[in-house]
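As structure tokens, the structure follows; a few thoughts come after it.
The values are calculated or read from the model by the stated rules, or taken from the named source; none is laboratory data. All figures in this text were calculated on a predicted structure; none of them were measured in a lab. With ideal geometry, Cβ positions are generated from the backbone for all residues, glycine too; neighbour counts draw on all protein chains shown. Note: accessible area is taken over every heavy atom of the protein model, side chains too, but ligands, DNA and RNA are not part of it. Shrake-Rupley method; radii C 1.70, N 1.55, O 1.52, S 1.80 Å.
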Amino acid sequence: MINLSKIIENIPINKVAIITPTREITYSDLLKLKKENEKNINAINGMNVSIRTNNRLDFVMLLVLLDGSVKNMLIMPPELDIEVCKRYFQEANINCMAFLEFEKLEYRYINENTYDTKTDNDFNIKNNIYETSWIIPTSGTTNIPKLVSHTLMSLTRTTKIDIESGSKFRWGLLYDIYRFAGLQVFLQSIMSGGTLIIPDQNFYLKDTINFFIEKKCNALSATPSFWRKILMLPESDFLKLDIVTLGGEIADEFILQALVKKFPNAKITHIYASTEAGVGFSVKDGRAGFPLTFLTDGVNGIKLKISDKKTLMIKPEKRIQKYIGNYNLYENDGYIDTGDIVEIKDDRVYFLGRDSGSINVGGNKVHPEEVEQVLLSSNLIFAAYVYAKKNPILGNIVCADVVLKDKNADKEKVKLEILKFCRKKLENFKVPAILNFVEDLEITQSGKLRRN
Amino acid sequence: MIREKIKETFMEVLNQVEKKLLVSDLSDDVVLLESGLDSLGFAILIAALEEKLGYDPFTMLEEPVYPKTFGEFVSIYEKMNPNKL
């Protein structure tokens, strides 16, 4: 059974663990922090604890302090709505909230009546070591985010614990650290004794890249859309990377080749992972999709198959991660449906998109139905059909075919009016990038819009 | 010709996304992501140009490149123009 503290103990103590714009923190600083907070760590030993902070350094410190000591650790993004928080507390049976005040661990009990009696007994046994469950909300592909319970094992399946070679890497944090992808980068760095460079969250991308250059960052993980943006910045010429990792979106041949060209000495890896499936597998040959042999022979102890719906199914070696609550993550045969539609071409398996029909715009999910509802509520439109169009910058963009109520209206004027309305109601990436005026939309026999 | 079309479409997209031009002029050395359009804006610009010009040069390039400046952006469109002699 591993936990973060145990791993840190094996890392040379003077090694820098974390760099922020104002501080450098060594691995020994982290162990010292743990020692100083021993009393309060023991006070919440074995409990189900939530972590919520908008300070990235505090967040990392809390993970180190609590992993291995609390039973369940609910990780909540700071911008979470209060009602959602309450629901998560109930579902994950959270007893207490943990936070840092000037690097001192503080905690607050949640309504004592909600205590589970079994956990109550555990409170008396102090200083136990637990294999802490990391409870992480999904990104809400299905609109209602669910909680998935992981362990350090399922979160780090492809993270090699190799301090010898791993410690020379200085990882730049580009993802939101409070979510699955950001946690991956943090764990990748800390579990191999590397350095994590955390930029200020208010930095522009340009400042972030300059900060990485200044701090000699040599390993970066980002979505394909984020990489495209980085490559469009003149500052990217000064990045010297040994490790380039892509994830979170379909990595096409174009971006992969562009990265090979830009960083000829870097190891380029596309990681297939999700909050639900944990770390699936990685593809290292610099090509889009993955080799057919993964499907026929499995990869790293994971088995793969394609469902009747043409979605990729993953069967982890052990059933570690699970949904909290009354949802079943696994099919009867132990496979998890990833919801990613795939296609076999020759000796390769390629990703085509999501089976939910959701559109991935630069890593952000858009539900066409939501955009259609907003378009219709503008009162200028009689019918609307929203779909994805491939795009070299963001992977996909949102397109809409609409039937105007007033067919004689000034098209340019009404277009701007509709988009302005959408911008008020929707986040920018959801607003149709292309708006086509059509005479009619195809309706299926069941009276629904025909979707391709 | 293409340059003028790109400039014109650029201004239309700026208007569409309700952003302002952050430089005095779209000269060749303007850094794209500092021009006023963000990456979503450029995604829209490329889609809009595909409708107007009839091609998306980024899908046609043999060597993958991402343009950094306005000059590079225009030259990709000029280089890949299927109608050029």
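For the pair B:Glu51 and A:Asn14, label points projected 7 Å from Cα toward Cβ lie 6.2 nm apart.
Annotation for A:Asp410 and A:Asp207: the two label points, set 7 Å from Cα along the Cα-Cβ direction, are 4.1 nm apart. Summarising the strand pairing of the protein assembly as shown, around 65 percent of its internal DSSP beta bridges are antiparallel.
Find the sum over both chains of the accessible area lost when A and B are paired, probe 1.4 Å, and report it in Å² to the nearest 100. Let's see the in-between values first.
Details: alone 22300 and 5600 Å², together 25220 Å².
Its buried surface, counting both partners, is about 2700 Å².
Counting only aspartates and glutamates at least 8 places from A:Lys318 when in the same chain, those with an alpha carbon closer than 13 Å to its own are A:Asp333. A simple charge model with +1 on the Cβ of Lys and Arg, -1 on the Cβ of Asp and Glu and nothing else charged puts the dipole of the protein assembly as shown at about 580 debye relative to its Cα centre. Working from Cα pairs under 8 Å separated by at least six residues, relative contact order for region A:182-267 is 26 percent.
How many times 2.2 N^0.38 Å is the alpha carbon radius of gyration of region A:304-449? Present the calculation step by step, with values, prior to reporting the outcome.
Working: Rg = 19.1 Å, N = 146, 2.2 N^0.38 = 14.6 Å.
This ratio for region A:304-449 stands at 1.31.
Peptide B:37-50 shows a mean partner chain C-beta count of 6 within 10 Å per residue C-beta.
Residues in region A:335-345 carry Karplus couplings, in order, of 8, 10, 7, 7, x, 9, 7, 10, 9, 9, 10 Hz; the curve used is 6.51 cos²θ - 1.76 cosθ + 1.60 with θ = phi - 60°, and Gly or Pro positions show x.
Phi-derived couplings, Karplus 6.51 cos²θ - 1.76 cosθ + 1.60 at θ = phi - 60°, listed residue by residue for region A:236-252: 4, 4, 9, 6, 10, 10, 9, 10, 10, 10, 10, x, x, 8, 5, 8, 8 Hz, with x used for Gly and Pro.
What order do you get for A:189-197, A:35-43 when each peptide is scored by the mean count of other beta carbon atoms within 10 Å, highest first? The partial results should precede the final answer.
Numbers: A:189-197: 24.8, A:35-43: 14.1.
Per-residue Cβ counts within 10 Å, averaged per peptide and sorted highest first, yield A:189-197, A:35-43.
What ranking, highest mean first, results for peptides A:428-441, A:8-21, A:209-222 when packing means the other Cβ atoms within 10 Å averaged over each residue?
On the way: A:428-441: 17.8, A:8-21: 16.3, A:209-222: 20.8.
Listed from highest to lowest mean packing, they are A:209-222, A:428-441, A:8-21.
What is the helix-to-structure angle for A:180-191, meaning the angle in degrees between its Cα long axis and the longest Cα principal axis of chain A, kept from 0 to 90 and rounded to the nearest 10? The angle comes out at about 30 degrees. From the alpha carbon centroid of region A:1-19 to that of region A:360-390 is 47 Å.
At R0 = 35 Å, how high is the FRET efficiency between A:Lys390 and A:Ile129 if r is their beta carbon distance? Nearest 0.05 is fine. Don't skip to the end; give the middle numbers.
On the way: r = 50 Å, r/R0 = 1.42.
The value I calculate is 0.10.
Electrostatic tally near A:Ile250: other residues with Cβ closer than 11 Å to its Cβ, Lys and Arg +1, Asp and Glu -1, net -2. For the residues of A:423-434, the average number of beta carbons from a partner chain within 10 Å of their own beta carbon is 3. Note on A:Lys6 and B:Glu34: with the Förster distance fixed at 30 Å, the Cβ-Cβ geometry gives a FRET efficiency of about 0.05. Amide H contacts of A:Asn391: A:Asn396, A:Ile397, each under 5 Å away and 5 or more positions distant or on a separate chain (H built 1.01 Å from N in the peptide plane; Pro and chain starts excluded). Atom-type composition of the exposed protein surface of the protein assembly as shown places 49 percent of the accessible area on carbon and sulfur (1.4 angstrom probe).
In region A:327-377, Rg over Rh equals 1.12, where Rg is the alpha-carbon radius of gyration and Rh the Kirkwood radius from pairwise Cα distances.
If you model region A:237-352 as an ellipsoid using its alpha carbon gyration tensor, with each semi-axis the square root of five times an eigenvalue, the axes come out at 28, 16, 12 Å, biggest first.
Semi-axes of the equivalent ellipsoid for chain B, computed as √(5λ) from the eigenvalues of its C-alpha gyration tensor and ordered from largest down, come to 20, 14, 12 Å.
Computed from backbone phi with θ = phi - 60° and the Karplus coefficients 6.51, -1.76 and 1.60, the 3J(HN,Hα) list for region A:90-97 is 5, 4, 9, 6, 6, 9, 7, 9 Hz; x is used for glycine and proline. Against chain A, whose longest principal axis comes from its Cα atoms, helix A:253-262 is set at around 50 degrees.
Taking every residue in A:197-209, how many Cβ atoms of other protein chains lie within 10 Å of its Cβ, on average? Provide the component values of the computation, followed by the final result.
Numbers: counts 0, 0, 0, 0, 0, 0, 0, 2, 3, 3, 0, 0, 0.
Counting Cβ atoms of other protein chains within 10 Å of each residue's Cβ and averaging gives 1.
Each label was represented as a point 7 Å from its Cα along the Cα-to-Cβ direction; for A:Phe102 and A:Lys305 these points are 5.9 nm apart.
Zone of A:Thr296 (label point 7 Å along Cα→Cβ, backbone N under 14 Å): which residues in region A:346-364? Answer for this model: A:346-349.
Taking the 0 to 90 degree range and rounding to the nearest ten, how far is the long axis of helix B:39-53 tilted relative to the main principal axis of chain B, both from C-alpha atoms? That works out to roughly 50 degrees.
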